[in-house]
Amino acid sequence: MEKEIVTLKEKLNVVGKPKRRVDAKEKVIGKALYVDDLRFPGMLYGKVKRSIYPRARIRVIDTSKAKALKGVVAVLTAKDIPGKNMVPIIVEDMPLLAEREVRYIGEALALVAASSKRTAEEALKLIKVDYEPLTPVTSPIDALKNTSPKIYGENNIVISYKLRKGDVESGFREADVIIEREYRTGYQEHVYLEPQGIIAVPGPNGSMVIYGSLQCPHYVQKAVSYVTGIGMNKVRVVQVETGGGFGGKEDVPSWVAGYTAVLAYRTNKPVKLIYDREEDILSTSKRHPAIIKYRTGAKKTGELTAVEVKYILDAGAYATLSIPVLWRGTVHAVGPYKCPNIKVDSLAVATNKVPCGAFRGFGTPQVIFAHESQMDLLAEEIGMDPIDLRLKNALEEGDQTATGQVLRESVGLKETIRRAAELSNWHRKRREYSLLKGVKRRGIGISTVFYGVSLGAAGKHLDKAASLVHVFPDGSVVVFQSLTEIGQGQRTVIAQIASESLGVKFEDVYVQQADTSIVPDSGPTVASRGTLMPGMAVIDACKRIKKRLAAVAAEMLNTTPENLVFENGEVYNVYKPGKGMLFKEVVKEAYNRRVNLGAEGWFEAPFTSFNPETGQGEPYFVYSYATHIAEVEVDVETGKVDVLKVTAVHDSGKIINPATASGQVEGGILQGLGYALMEELQEKDGYILNPNLTDYLIPTSMDAPEIEVSFVEARYSKGPFGAKGIGEPSIMPTAAAILNAVSHAIGVRVFSLPATPEKIYWTIKGSGRYT
Amino acid sequence: MSLFFQKSESLKEQGFIDFFIILSISEVIDQGSVLDLQAFIHPFSLDDVLEFLERGASISNVMAGGTDLFLQVKQGLVKPKYLVSLAGLKELKKIDLEVGFIKIGSVVAFQEIIDSEDLKYKAYILQGASRKMGFPQLHHVATIGGNLGNASPAADSAPPLIVLRAKIRVVSKNGERVIPVESFFLGIKKTVLKANEIIKEVVIPLPGENFTGGFVKLGKRNAHVLSTISVAVGIQFSDGIVKDIRIGMGFVAPIPLRTLKAENVLRGKKPAEGLVIKCAKVAASETAPISDQRASTGYRWEMVFVLTRMNDFKDHFQGG
Ligand SMILES: Cc1cc2nc3c(=O)[nH]c(=O)nc-3n(C[C@H](O)[C@H](O)[C@H](O)COP(=O)(O)OP(=O)(O)OC[C@H]3O[C@@H](n4cnc5c(N)ncnc54)[C@H](O)[C@@H]3O)c2cc1C
């Protein structure tokens, strides 16, 4: 472990403190403005006409009746798109509006703009689409059959990866035990509080401003430019307050904005397009359903000798983000363990269903459910405690990951396991719960994970961040950066980093929301990179300004810049504390001396690499680690599970704000609990049966367990004040920990998610126990 | 909301305007959610409500808390021209304890049922079921009359009311009639109510000394959930013998169901374990649960069995 040396620089006043969220008050009192709160003169309301077939040829779209309706200003189809009829994501396969064929229920066919929402809704009904229904392909297993209709490329495979290390066959020969199982996981819907919404406002000189609920302003800027043909220099994307994203506002706003911008372009009026909840559930991205075949070999003493994984994702109709999602899942498929022999094959397969995309964890919760179930099965088989088994195989500094990457620093994994075991009283409870009889059984289960922070080798070209910082003559500071606040506390953490870096009071820093016309493209707000990447860029800008100010202050205080301390709005000579000046006095002087008080900051992600043939390389520059221990009570007569407690220990490097970090972990646990036990999007033949919040259930506060959060802060030398990332690791281990606890409680295992009461009930009944 | 008379010309022509304050939700109409709504009518006396319904029943819907109705309006399943609010009827917002029975006004919200001292002793099964309804905010808005009037097979107040031998008093301009709860429902969203009638109150006879019972609701989460199934059981004991028994169930049939045959298994008997299991089996055979997004028929059948057996018989066994 790195030794704690408190030097001048390391004494922290703001970073590491539970500062209150800068956006909290306005949101709580209802003053914060979300996209649906905004209005513009002459604004029209947009609506989208959507496919009612999972797969069909489009013969004719007749818009004449809709156009004739009073109040309707425009009804547009593919041929009315001024730019390219294509949403630019990773590969170009998805049209903005379907022209000849629809590939999933909910795919967009036509757009309406009208003077009221009601009229726009009426107009949708008047658009007549003549379809020729085709046989849909709705399961990835079917899609892989030779006989399957080809709905994507030559073989329905969107993308595939492989990872090879050592020789698995000899690894399995060395093994004393081999565990082989198949796992399945279902969809997960984001259920962000605020559905998708965009307003497009045409401006002077053919420009366009987009206001929206979104995670990735620069993606939207590119998409709007694509579909309208307006140069990127004239497309400005402003993120407004956003009611949650979880990955669901990574790529989707690109096409929501695409629709809106095309309508605004054609009508030359501001257009607002807000999704209904049902429309949102039907037509926007979700977590990919998965099939995972997993084979683990180990010695009687617990060391892993071989791991073989086949990982299949149900991609839906278009590639969207399946490519990086599958890649991340592949790289993380073995978990945070040492293993010399590894073979992973992964596929994302097209089906005639809504395209799946980004969701917190990004292709990892599925494989984690598999590898953590495998670890428990293995522990049982060799008669070892699940904690001991994990400690035996867990990665440490100097170890190699599945991709052959040697971990050189910031590996707090083992400490997360040990501390979680201690805080949860693992050993006592594991013993006591095993002895329980009766209708209510209890169990305790563990899951442990690693997570490559930021975009990694696959997203290298986007992995950079910019910032712009201005100091004003009154000593106040404004920070611009291009990652977004989506409820996670990003602006607060950035304000803390800026305040610490410049030595000004936290209250004197104001962080603006993202605006593509101000800050260069900094990549997307995804991959748990919202603190590390812009944080480093902000530090860079602050350093530049501070250096200029230090020169002035040194003269004023009759010393050299190295002796100066900037702290809490004051500047003083370290040898003469108490005799300094106010920061704003220094700023005022610098201002009068015509010193430039603004600076741009820049940060490029450290080195990453990946060999597509072998999967070997350094896919991520640093990893976060986490262990969750869940305790549950299961009613064996009904199958109902109550999660009693989750103990969560995270190594995300230095924690900039313990309050917002805990908030992330608590939210992640609830979302993971939903994924584990109740969130079930039911689909039949391409139709989603429960596109509503009555029957797609997410946990309520009444389902929330007691949560205990603790941080292991293994600092990362290239992160801001040593920080890594926490947004996704917070959900990743939860479902697997809960399922492991459930099987400890009932003595049988459920191999698919979600483990609903009914599924658990039949599993128990099928096992012949408790009769 | 603003006072709004313009769209209600037709009402004026019909001579209603003198009775009522007429409000409009013009903003909502603008947004297109409520397509055909012309007026929201908010009377302050039962007579006014009944008068209005007498004349305009076919184009009106009564609304209490609106927690069911508004969703149906939004989904276009119900297209009221006039919404007649019952929220102004103080006379129907009371719980009265009288000799031999308790009356719960139809516009009483579930929070008042939960908080009522009288119900605590006399109808705790209803209180228990009310607590499990929805979530705390809902309890302050949703009414018992709305829960029954909505006639969902999953209405959580119905099974306990069946068990408590409750009757529903309905009223129209032409008078009142009284209907046992189990005869009130005809099918999904269908009741015996005529278009000009509303529920006035629920009348619960006070149970005797040795009455015991319980309510179990099964759902996929702990709040804010429609029942997968629910079961209420109430037993009147006399010297350890089941003098009378009632079993009511939610979401096992198109209507909240009373399982008479299962009751008969135990009526007049000592509740030995074997008999309770038989009762539960018979109960399952009387139900016809559906398969839907919430659960399969098979699971529901098993749960009818489990929950009927689990229900408060247990307390009795434990007590000897
Ligand atoms: C999020 C949510 C969760 C819910 N959870 C549950 C739950 O757990 N359990 C459950 O049982 N229900 C639940 N409900 C349904 C609903 O809240 C209840 O049925 C409630 O009791 C309805 O009462 P209300 O006053 O809101 O009725 P309204 O919506 O006002 O009316 C419902 C129907 O009854 C009619 N009606 C109302 N009052 C009368 C009357 N006096 N006479 C005749 N007809 C009348 C109306 O015309 C309408 O058809 C839930 C609803 C929501 C929105």
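Quick notes
- Rough spin-label spacing in nm, given labels placed 7 Å along Cα→Cβ, for residue A:644 and residue B:179: 4.7
- Mean ellipticity per residue at 222 nm, deg cm²/dmol - from DSSP H runs of n ≥ 4 across chain A, formula -39500 (n - 2.57): -8500 deg cm²/dmol
- Residues in the range A:677-701 that, when all protein chains are in place, have 30 Å² or more less accessible area than the chain alone would give (probe 1.4 Å): A:678, A:682, A:694, A:695, A:697, A:700
- If only the Cβ of Lys and Arg carry +1 and only the Cβ of Asp and Glu carry -1, the dipole of the range A:552-617 around its Cα centre is close to 440 debye.
- Share of carbon and sulfur in the accessible area of the range B:90-205 stands at 53%, probe radius 1.4 Å.
- For the pair the range A:660-694 / the range A:91-132, the C-alpha centres are spaced 28 Å from each other.
- For residue A:712, the residues 5 or more places off, or on other chains, whose built amide H falls under 5 Å of its own are A:650, A:651, A:652.
- Global geometry of the range B:211-312, whether rounded, prolate or oblate, following the gyration tensor of its Cα atoms and the 1.5 cut on a/c: prolate
- Comparing A:220, A:578, A:69 along the charge dipole axis of the protein assembly as shown, the residue lying farthest to the positive side is A:69, per the Cβ-charge model.
- Working from label points 7 Å from Cα in the Cα-to-Cβ sense, the residue A:474 to residue A:585 distance is 2.0 nm.
- Placing a label point 7 Å from the Cα of residue A:11 along the Cα-to-Cβ direction, the residues of the range A:546-583 with a backbone N closer than 17 Å are A:562-583.
- For the range B:142-184, the Kirkwood estimate of the hydrodynamic radius, built from every pair of different alpha carbons, is 10.9 Å.
- Whole-number D in µm²/s for the range A:659-771 (Stokes-Einstein; Kirkwood sum over Cα pairs; 4 °C, 1.567 mPa s): 79
- Accessible surface area normalised per residue over the range B:70-131 is 48 Å², counting heavy atoms of protein chains with a 1.4 Å rolling probe.
- Rounded if a/c under 1.5, otherwise prolate or oblate - the range B:43-129, Cα gyration tensor axes: oblate
- Looking at chain A, the accessible area is 36 square angstrom per residue; that uses a 1.4 Å probe and ignores ligands, DNA and RNA.
- Solvent-free Debye scattering, log10 I(q)/I(0), computed from the Cα coordinates of the range A:226-334 at q = 0.17 Å⁻¹: -0.97
- Mean separation of Cα contacts under 8 Å, 6 or more apart, over the residue count of chain A: relative contact order %: 16
- Taking only alpha carbon atoms, chain B gives an Rg to Rh ratio of 1.02, where Rh is the Kirkwood radius.
- Shown in residue order for the range A:230-240 are the 3J(HN,Hα) couplings computed by the Karplus curve 6.51 cos²θ - 1.76 cosθ + 1.60 at θ = phi - 60°: 6, x, 4, 5, 10, 9, 10, 10, 10, 7, 9 Hz (x for Gly and Pro).
- Surface accessible to a 1.4 Å probe, residue B:191 within the full protein complex, Å²: 30
- Cα-based helix-to-principal-axis angle, B:46-56 vs chain B, degrees rounded to 10: 70
- When shorter helices are ignored and each DSSP H run of at least 4 residues is given -39500 (n - 2.57), the per-residue value for chain B at 222 nm works out to -8500 deg cm²/dmol.
- Alpha carbon centroid spacing (whole Å) that separates the range B:124-180 from the range B:192-254: 10
- Once backbone amide H atoms are built at 1.01 Å from N, residue A:86 has A:96 as its partners under 5 Å, excluding neighbours fewer than 5 places away on the same chain.
- Once the Cβ-Cβ distance of residue B:188 and residue A:693 is raised to the sixth power relative to R0 = 22 Å, the FRET efficiency obtained is 0.60.
- Tensor-based shape of the range A:145-216 (alpha-carbon gyration tensor, a/c under 1.5 rounded, otherwise prolate or oblate): prolate
- When Rg and the Kirkwood radius Rh are both evaluated on Cα atoms of the range A:707-770, their ratio Rg/Rh stands at 1.23.
- Linear extension gain, residue A:425 paired with residue A:182, 0.36 nm per residue minus alpha-carbon span: 84.4 nm
- Heavy atoms of residue B:42: accessible area, 1.4 Å probe, square angstrom to 10: 40
- Cα centre as origin, Lys/Arg/Asp/Glu Cβ charges: the range A:1-157 dipole, Debye: 680
- Inter-chain Cβ neighbour count for A:752-765, averaged per residue, equals 3 (cutoff 10 Å, partner chain atoms only).
- HN-Hα J in Hz across the range A:621-628 - Karplus 6.51, -1.76, 1.60, θ = phi - 60°, x for Gly and Pro: 7, 7, 10, 9, 9, 7, 10, 10
- Rounded to the nearest 10 Å², the accessible area of residue A:181 at probe 1.4 Å: 90
- Under 5 Å between amide hydrogens, built in the peptide plane, is the criterion, and for residue B:186 it picks out B:191, B:192 among residues at least 5 positions away or on other chains.
- Calculated P(r) tail over 17 Å for the range B:90-205, as whole % of Cα pairs: 50
- Delta accessible area of at least 40 Å² on complex formation, residues of the range A:622-661, 1.4 Å probe, chain isolated as reference: A:637, A:638, A:640
- Kirkwood Rh and Cα Rg combined as Rg/Rh, the range A:552-711: 1.22
- Loop-resident chymotrypsin sites (Phe, Trp or Tyr not before Pro) (DSSP state other than H, G, I, E or B) in the range A:526-596 with no more than 14 further Cβ atoms inside 10 Å of their Cβ: A:575.
- Sequence-distant aspartates and glutamates (8 or more away, or on other chains) whose Cα lies within less than 14 Å of residue B:90: B:47, B:48, B:112, B:201
- For the pair residue A:37 and residue A:233, a Förster radius of 25 Å applied to the C-beta separation gives a FRET efficiency near 0.30, rounded to the nearest 0.05.
- Equivalent ellipsoid semi-axes - Cα gyration tensor, the range A:275-373, angstrom: 31, 12, 10
- Delta accessible area of at least 20 Å² on complex formation, residues of the range B:213-254, 1.4 Å probe, chain isolated as reference: B:218, B:219, B:220, B:221, B:222, B:223, B:226
- Heavy-atom accessible surface of chain A: percent carbon and sulfur, 1.4 Å: 51
- Karplus-derived 3J(HN,Hα), 6.51/-1.76/1.60, for each residue of the range B:196-213, Hz, glycine and proline x: 9, 9, 10, 6, 8, 7, 10, 10, 10, x, 5, x, x, 4, 8, 8, 9, x
- Heavy-atom accessible surface that A and B bury in contact, both chains counted, 1.4 Å, Å² to 100: 2500
- Rg and Dmax of chain A, both derived from C-alpha coordinates alone, stand at 27.0, 86 Å.
- Here residue A:86 and residue B:293 are evaluated by their C-beta separation; at R0 = 22 Å the FRET efficiency comes out at 0.05.
- Across the range B:211-312, the mean sequence separation of Cα contacts (distance under 8 Å, 6 or more residues apart), normalised by length, yields a relative contact order of 26 percent.
The values are calculated or read from the model by the stated rules, or taken from the named source; none is laboratory data. Keep in mind that this is a model prediction, so the values were computed, not measured. Methodologically, a virtual Cβ is constructed for each residue, glycine included, from the backbone with ideal geometry; neighbour enumeration extends over all protein chains shown. Quick note on the areas: whole protein, heavy atoms, side chains included, nothing else; ligands and nucleic acids left out. Shrake-Rupley method; radii C 1.70, N 1.55, O 1.52, S 1.80 Å.
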